[in-house]
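So the structure is just underneath, and the comments pick up after that.
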Amino acid sequence: MTAWRGLLWKDTRLILPWFLGGLALILLFDVWVTLTVDSPNARFGLSLFPLFSHFFYYPLYLMITLRVEGKQMHQWLHNPHPAWQLLLSKTGIGFPLMVFSLGVSGLYPSFVLITHDFFQIHSVLDPVSLWMDVGSFLIGIVGYSLNLGIILLLLWSIYRWLHTWWGKWTWVPLAGGFIAILYGFSQIMKTALYDTLFRWGATWPQFHSIPESQPSAPGLYTGELLLNMLLLALFFFLSGRILDRRMEV
């Protein structure tokens, strides 16, 4: 347990300067919007930019930490912990940091909504429904960012493994294989078998603040969400196995 806490603390110290720097950029952006934009609507729109940027939070976070570890790959991979624990520590540390950063990013747009009579101007919107939709949207951001991060983790692990043989040209078969897999999966999603196996259950998220006269934003089926969770677990497992394989090389 002490060794595990030490690993978590090491990964926290590794990313902490970058995390604090990101928070500072968010706050500086909010101050800039406040000082330079007069229109409440424009101010609210611009204040959403830090929130939307969190779609790429997890892959950027992992890119930074893995790049640092890559510079001392031999030392990192000969850590007494198995590879899956090394990866779990990094992905686990990233989650609360992302949630905290999202919370900080949401403070200013929430302040603009509350202080500028937004719901009186847009009377068609129901406040309770809108805040529920905001919660669904934030969960979607976290899920989407986590997906990108785990995919990046798998690609990075494969890259480090193949680099032993391919050297600087490793990106060529890696990019080609990734594009081929994306194309193949997109074709599978168009089949009737995919619809039968995975497009069942209520769609999520359903946005309640959109007027009934307008079409609701499309969501994911419950079956697709379960498939997504299984794929993430598989990608994480493969990443650990590949790095364990590299340890043995």
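The values are calculated or read from the model by the stated rules, or taken from the named source; none is laboratory data. The shown structure was predicted, so the numbers you read here are calculated from the model rather than taken from an experiment. A quick note on method: Cβ atoms are made from the backbone with ideal geometry, for glycine too, and the neighbour counts reach across all protein chains shown. With ligands, DNA and RNA removed, areas are computed over all heavy atoms of the protein, side chains included. Shrake-Rupley method; radii C 1.70, N 1.55, O 1.52, S 1.80 Å.
Summary table
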read-out: Hits in the stretch 235-246 - residues which are within 11 Å of Trp161 (Cβ to Cβ) and either exposed (fewer than 14 other Cβ atoms within 10 Å of the Cβ) or at pLDDT 70 or above (or both); value: Leu238, Ser239, Arg241, Ile242, Leu243, Asp244, Arg245
read-out: Residue in the stretch 35-62 that is surrounded by the fewest Cβ atoms within 10 Å (Cβ to Cβ), counting only those that are without any contact (Cβ under 8 Å) to a residue 60 or more places away in the chain, of a type in the set (S, T, N, Q) and assigned to a helix (DSSP H, G or I); value: Thr36
read-out: Test: Ala217 is among the aliphatic types (A, V, I, L, M) and at pLDDT below 85; value: yes
read-out: Candidate set from the stretch 1-24 (those that are hydrophobic (A, V, I, L, M, F, W, C), farther than 20 Å from Glu69 by Cα and surrounded by fewer than 12 Cβ atoms within 10 Å (Cβ to Cβ)); member that is modelled with the highest pLDDT; value: Ala24
read-out: Enumeration of residues in the stretch 143-171 that are open to solvent by 40 Å² or more (accessible area, probe 1.4 Å), of a type outside the set (Phe, Trp, Tyr) and modelled with pLDDT under 85; value: Arg160, Leu162, His163, Thr164, Lys168
